[in-house]
Structure formats: C-alpha cells, structure tokens
Amino acid sequence: MSFKDKVVIVTGGANGIGKSIVEGYAKEEAMVFIADKDLKSGQVVEEEITKNGGRAEFIKTDVTKEADIIQLINTVKYKCGIIHILINNAGKGLFISPLQLTLEEWNDVISTNLTSTFLCTKEAAPYMSEGGAVVNISSTRAIMSEPNSEAYAATKGGILSLTHAFAASLAPKHIRVNAVSPGWIETGDYSNLRDEDHHQHFSRRVGRPSDIVQACFFLTKKENDFITGTNIVVDGGMTKKMIYEE
C-alpha cells in the first residue's frame, strides 16, 4: 500500500467498521485520527494501536455538533498541517414505524449520518492535499429497503447524492470523493453466524469489517485517481439477487 505517513481522519472510529478502518490505516503506517464521542472506546483504540507501534490519536468529537467538527479539523491541521484522507463513517441506525417516528428522532439521524458528512468534508477540504481522497460510508439501504427504515434510508441515499455533488465541486482541487455501501457486515461474533446466513450471499459468506477496509484502501490509493463520484457496493452480491416469495 502507499499510506505511509498519510494523515487520515476516521469519524465514528471507536467501534465497529470504523475501528477496523482505523486499525487498517494504522497498520499501513498512516497517522490516524479517531473522531468519536465514545471516550472510553476511542482511548482504548488509540492505546492498542500505539502499543503495537502504530500512530493514532483519539479526538473526542460529537459529529452532530458543528463546533466539535471544526475543532477536530483545526486540531488535525495544527498537529499535521495537512489532511490526506477523510473517511466519513460516523452513523447511527433507527428502525421504527414512520407513524411513530418523531421529528426529533428524524433530525438526530439526519444530523448524525448526513449533515456530519457534509460538515466534515466542507471543513476538511481546504486543508486536504492535492490528490486527497474522501470516502463516505453509505449503505445498501440507500438503494433497497425493509420496513421502518425511513430516517436511516434517507440519510444513506443522501450520502450517495452528496458524494457525487462533492466530487464535482472539489474536482478543481484534485480531491476525489467516493462512497462505499456495505451490505451485511458482521461486527459481532462471526462464529455465531448460521450456514444459511452465509449461503444467501453470492459470495457464500457474510461480510467482515475488513471487506470495507479494503474498499477504502482501493478508493484512497493515489494510483486510483481516475475514480471519483462513484459508489462501490460491498455486499456479497445481495443487491443483485432476485428474490421471490414462495
């Protein structure tokens, strides 16, 4: 890989897929900033990486607060002077009947998932290097749905649109903006999955966080500078599977 000494920010980097992305770039000798509101988990990730010889710093950040995002970017700029890669991963799910969904709950999901993606990219772009890369973590729920997912689906669909809009706007700065849409990525105990869980995928297995890490690597490698404004679906083929009810 070619991420040695690159400055990387990962929002929502203290847990789940975000944690794996942080660990992945740290193993490739990047300097990784972990932005998350989970203080305890963020500090643990930082400690684990530094203990193993990597470089990481946790910055407590609530991405629903513009002031926190501005402080995050300013801190990274002060410490490193430049940003090479931004991974907008922070997000939350809420699955509740739209007839019971409150405006407060709707706004919270929109702010966490979508508005934060806009604000982080907006604030980081002026300090990104030529050839910099942004990856927004969307979801296959942007293009297909189950019941009671209105707020989450709206944010993930919005992220896809925001991705190609930013790709156009930031093109003069030679900053690439792409998205990754995970399907079923198991962040818990993989050994507890059933055979039928795996076999419903064309890939014959459920996804792992490492699959999303590899997609991020691909989209942020400088050699792939012809790829921008696009979305890579990482779902084991599930969105291409024709399903009929018997």
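The values are calculated or read from the model by the stated rules, or taken from the named source; none is laboratory data. The structure presented is a predicted model; accordingly, all values stated were derived computationally and were not measured. Virtual Cβ from ideal backbone geometry, glycine too; neighbours counted across all protein chains shown. When the accessible area is computed, the model is the full protein with side chains, heavy atoms only, and any ligands, DNA or RNA have been set aside. Shrake-Rupley method; radii C 1.70, N 1.55, O 1.52, S 1.80 Å.
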Discussion item. I need every pair where a residue in region 1-26 that is touching a residue at least 12 places away in the same chain (Cβ under 8 Å) has its Cβ under 8 Å from the Cβ of a residue that is in a helix (DSSP H, G or I) and basic (Lys, Arg), sequence separation at least 6 or different chains.
Written reply: Ser2/Lys222; Gly13/Lys19
Item to complete: Can you give me the ranges of the helices (runs of 4 or more DSSP H) entirely in region 1-99 with at least 3 residues that are surrounded by fewer than 15 Cβ atoms within 10 Å (Cβ to Cβ)?
Response: 39-51, 66-80
Response to the item:
Filter region 202-220 for residues that are touching a strand residue (DSSP E or B) at 6+ places or on another chain (Cβ under 8 Å) and not in a helix (DSSP H, G or I); the one that is surrounded by the fewest Cβ atoms within 10 Å (Cβ to Cβ) is Arg208
Worksheet entry | Extreme residue, least open to solvent (accessible area, probe 1.4 Å), among residues of region 145-170 that are part of a loop (DSSP other than H, G, I, E, B) and under 17 Å from Pro98 (Cβ atoms) | Ser149
